[in-house]
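Student: My questions all concern the structure below.
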Amino acid sequence: MNEKLLSAFGKLLSSGASSPRRYKGSVNVDCACGVGGMALATMTERLSSVGLTVNLVNRVGEGVLNEGCGADFVKTKQAAPANADPALGRWVSFDGDADRIVYFFSKDGKFCLLDGDRIALLLASPGL
């Protein structure tokens, strides 16, 4: 599965370009102390090879599964999880088995959340 995701990301970067582009950026990931973080950890090196730096927090063994962290916590509390500072940039928060995701950031000191529905809308929007 990891190879399929990485291959799709690589194709996305090179689509419509005469030569493959490098993505420049970073994202911080709350892994909810679950197994989803283990899978993501195996992908971070490949993602960095195309220019995406991935910083993982709340990995397996760093706390109790979904306690004060994870997608459900972030969505219901409308707050950053433990060990996460929204001022540090873009954040993704998974639940423990990584089948749910939310995206959050800080804008002018205000907590901003994009949940699964909003993320799907962005992906379905023309011109993206």
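Student: Of all residues in segment 62-76, which are of a type in the set (A, V, I, L, M) and over 10 Å from ASP95 (Cα atoms)? Steps first, answer last, please.
Tutor: From segment 62-76, those of a type in the set (A, V, I, L, M) are 64-65, 71, 74; that's our starting set.
Residue satisfying the conditions is VAL64 alone.
Student: Only one of (1) modelled with pLDDT of 90 or more; (2) of a type in the set (Val, Ile, Thr); (3) within 25 Å of GLU3 (Cβ to Cβ); (4) surrounded by fewer than 14 Cβ atoms within 10 Å (Cβ to Cβ) is not met by THR42, so which one is it?
Tutor: (1)
Student: Something else now. Which one of the conditions (1) hydrophobic (A, V, I, L, M, F, W, C); (2) at pLDDT below 90; (3) surrounded by fewer than 14 Cβ atoms within 10 Å (Cβ to Cβ) does LEU47 fail to meet, given that it meets all the rest?
Tutor: Every condition holds for LEU47 apart from (3).
Student: Restricting to segment 15-39, and then to whatever is over 20 Å from ASP99 (Cα atoms) and surrounded by 13 or more Cβ atoms within 10 Å (Cβ to Cβ), can you tell me which residue is modelled with the lowest pLDDT? Quick ask: steps written out before the conclusion?
Tutor: Residues of segment 15-39 over 20 Å from ASP99 (Cα atoms): 15-26.
If we keep only those that are surrounded by 13 or more Cβ atoms within 10 Å (Cβ to Cβ) too, we end up with 21, 23, 26.
Numbers: ARG21: 56, TYR23: 60, SER26: 89.
Selected residue: ARG21.
Student: Looking for something out of contact with any Leu (no Cβ under 7 Å at 6 or more places or on another chain), under 20 Å from CYS31 (Cβ atoms) and of a type in the set (Val, Ile, Thr) - is there at least one such residue anywhere in segment 86-101?
Tutor: yes
Student: Output the number of the condition that VAL74 fails; it satisfies all remaining conditions of (1) surrounded by 15 or more Cβ atoms within 10 Å (Cβ to Cβ); (2) under 27 Å from GLU3 (Cα atoms); (3) β-branched (Val, Ile, Thr); (4) in contact (Cβ under 8 Å) with a residue 40 or more places away in the chain.
Tutor: (2) is the only condition that VAL74 fails.
Student: Right, here's the next one. Search segment 80-105 for residues being among the small types (Gly, Ala, Ser) and exposed (fewer than 15 other Cβ atoms within 10 Å of the Cβ), and hand back the single one that is nearest to VAL35 (Cα to Cα). Even if it seems obvious, please write down each step before you answer.
Tutor: First, pick out the residues of segment 80-105 that are among the small types (Gly, Ala, Ser): 80, 82, 84, 87, 89, 93, 96, 98.
If we keep only those that are exposed (fewer than 15 other Cβ atoms within 10 Å of the Cβ) too, we end up with 87, 89.
Values: ALA87: 26, GLY89: 24 Å.
Result: GLY89.
Student: Let me ask something additional. Picking from VAL92, VAL27, VAL50, which residue would you name as being closer than 24 Å to LYS11 by Cβ, in contact (Cβ under 8 Å) with a residue 60 or more places away in the chain and in contact with a Lys or Arg (Cβ under 7 Å, 6 or more places away or on another chain)? Full working, then the answer.
Tutor: Details: VAL92 fails: in contact with a Lys or Arg (Cβ under 7 Å, 6 or more places away or on another chain); VAL50 fails: in contact (Cβ under 8 Å) with a residue 60 or more places away in the chain.
The conditions single out VAL27.
The values are calculated or read from the model by the stated rules, or taken from the named source; none is laboratory data. Here the structure is a predicted model, which means the values were calculated and not measured. Ideal geometry is used to build each Cβ from the backbone, glycine not excepted, and the neighbour counts take in all protein chains shown.
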